1. Considering only region 152-170, how many residues are under 14 Å from the mean Cα position of the chain (by Cα), open to solvent by 20 Å² or more (accessible area, probe 1.4 Å) and of a type outside the set (A, V, I, L, M)?
2. What pairs come out if I take residues in region 209-226 that are closer than 21 Å to Leu287 by Cα and open to solvent by less than 20 Å² (accessible area, probe 1.4 Å) and pair them with residues that are within 12 Å of the ligand (Cβ to nearest atom) and outside any strand (DSSP E or B) whose C-beta lies under 6 Å away, six or more apart or interchain?
3. Between residues in region 249-267 that are within 14 Å of the ligand (Cβ to nearest atom) and part of a strand (DSSP E or B) and residues that are of a type in the set (Val, Ile, Thr) and open to solvent by less than 30 Å² (accessible area, probe 1.4 Å), which pairs lie under 9 Å by C-beta distance while being six or more apart or on different chains?
4. Is it fair to say Thr8 is open to solvent by 40 Å² or more (accessible area, probe 1.4 Å) and of a type in the set (S, T, N, Q)?
5. Test Val11 against the criterion of being part of a strand (DSSP E or B) and either at pLDDT below 95 or under 24 Å from Tyr139 (Cα atoms) (or both), and give yes or no.
6. Any chance region 139-151 includes a residue that's among the hydroxyl-bearing types (Ser, Thr, Tyr), open to solvent by 20 Å² or more (accessible area, probe 1.4 Å) and touching a Pro at 6+ places or on another chain (Cβ under 9 Å)?
7. Being aromatic (Phe, Trp, Tyr) and open to solvent by 40 Å² or more (accessible area, probe 1.4 Å) is the filter here, so list the residues in region 114-138 that pass it.
8. In region 164-193, which residue that is touching a strand residue (DSSP E or B) at 6+ places or on another chain (Cβ under 9 Å) and near the ligand (Cβ under 8 Å from one of its atoms) is nearest to Gln90 (Cα to Cα)?
Amino acid sequence: MLADKTSTTYVAGHRGLAGSAIWRRLEADGWTDLVGRSSKEVDLRDRDATRRLFDEIQPTTVVVAAARVGGILANDTYPAEFLSENLRIQVNLMDAALEHGVDRLLFLGSSCIYPRLAPQPIKEEYLLTGHLEQTNEAYAIAKIAGIIQVQSVRREYGKHWISAMPTNLYGPGDNFTAQTSHVLPALIRRYVEATESGAPEVVNWGSGSPLREFLHVDDLASAVSFLLEHYDDPSTINVGTGEDHSIRHIASLVAAAAGYAGETTWDTTRPDGTPRKLLDVTRLRELGWEPSVSLEAGIGATVDWYLEHRAQARS
Ligand code: GDP
């Protein structure tokens, strides 16, 4: 049995965008013994603190959704922290999990692990076949190390550990801070504020031409729940929709959802990042999983969530 829903299951990062959605989904799917700790309670960058946590909760299933994450500017500005903190968090978690004999672990990465100019859509086997995108190389290298750790533990110790690589995520609970957020929450905040202030013009970053694929975090959570039950292979597996759009188009969807009627212009002194990042999701689809949240509905719901929660939203 790949997933024992009664096992003590530690969701590392359960307050984050991905982890909180995974927690909600596992609960809804009948997992009965979920455990989480906030970063204030346990600093996962601290090896001893991580060990003590595992001694205390004795998990038998672990979902690694804890990471330092951020948008293009945050990654480009703080590469040392993105590399070091992510390596420490994941190595501490996976070492403690191995020491405690955890048999089922799912490690979450990101689609930025693939080569910058990989053929599109990107298949899982393109990992480590070319140079990475410079703006997020440090983060990507940490996540690649995580995939290799999962594969190594499987090979050496026979554990049923897996890794999954989601495309760009968005949804309720995202980080809406202008300087560190990913593009979708950044656009939502910018267009909502411009609508409210009656600003005649909104200025977005880059050229607007890069292509990105977006997955609502509830779809990621449903995929994680599905993979815990059905997937057991050393290869990482892509999680996405199989569709991408230009940033310009995404901006027009957000503008419409926010009711913004002014002009949009582009600040090309800001980096574009990788030109295209579309995952090939054939493997996951063949296993029987599909996303269910359309981009229009997901953006609309996230705008509504932001309007309701912005006082508490990280800002
Ligand atoms: P990426 O997918 O790793 O490049 O990360 P992001 O989600 O941060 O950025 C995606 C694309 O959106 C890049 O081409 C950015 O230049 C563009 N973009 C446009 N406006 C913004 C913004 O306000 N914030 C961010 N983070 N990206 C923006």
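1. In the first step, residues of region 152-170 are kept if they are under 14 Å from the mean Cα position of the chain (by Cα); the result is 163-170.
Add one more test, that the residue is open to solvent by 20 Å² or more (accessible area, probe 1.4 Å), and what stays is 168-169.
Among the residues that remain, those that are also of a type outside the set (A, V, I, L, M) are: 168.
Going through region 152-170 one residue at a time, the tally reaches 1.
2. Pairs that qualify, where the first residue is closer than 21 Å to Leu287 by Cα and open to solvent by less than 20 Å² (accessible area, probe 1.4 Å) and the partner is within 12 Å of the ligand (Cβ to nearest atom) and outside any strand (DSSP E or B), are Glu213/Thr167; Glu213/Asp244; Glu213/Leu278; Leu215/Thr167.
3. Thr264/Val202; Thr265/Val202; Trp266/Ile247
4. Details: open to solvent by 40 Å² or more (accessible area, probe 1.4 Å): no; of a type in the set (S, T, N, Q): yes.
Judged against the criteria, Thr8 is not a match.
5. The answer is yes for Val11.
6. From region 139-151, those among the hydroxyl-bearing types (Ser, Thr, Tyr) are 139; that's our starting set.
The next check asks that each one be open to solvent by 20 Å² or more (accessible area, probe 1.4 Å); those that pass are 139.
Right, trim to touching a Pro at 6+ places or on another chain (Cβ under 9 Å) and you get 139.
Yes, region 139-151 has at least one match.
7. Taking region 114-138 and keeping what is aromatic (Phe, Trp, Tyr), we get 114, 126.
Matches in region 114-138: Tyr126 only.
8. Checked region 164-193; the qualifying residue nearest to Gln90 (Cα to Cα) is Asn168.
The values are calculated or read from the model by the stated rules, or taken from the named source; none is laboratory data. All figures in this text were calculated on a predicted structure; none of them were measured in a lab. Glycine also receives a Cβ, built like all others from the backbone with ideal geometry; neighbour counts cover every protein chain displayed. Heavy atoms of the whole protein, side chains included, go into the accessibility calculation; ligands, DNA and RNA do not. Shrake-Rupley method; radii C 1.70, N 1.55, O 1.52, S 1.80 Å.
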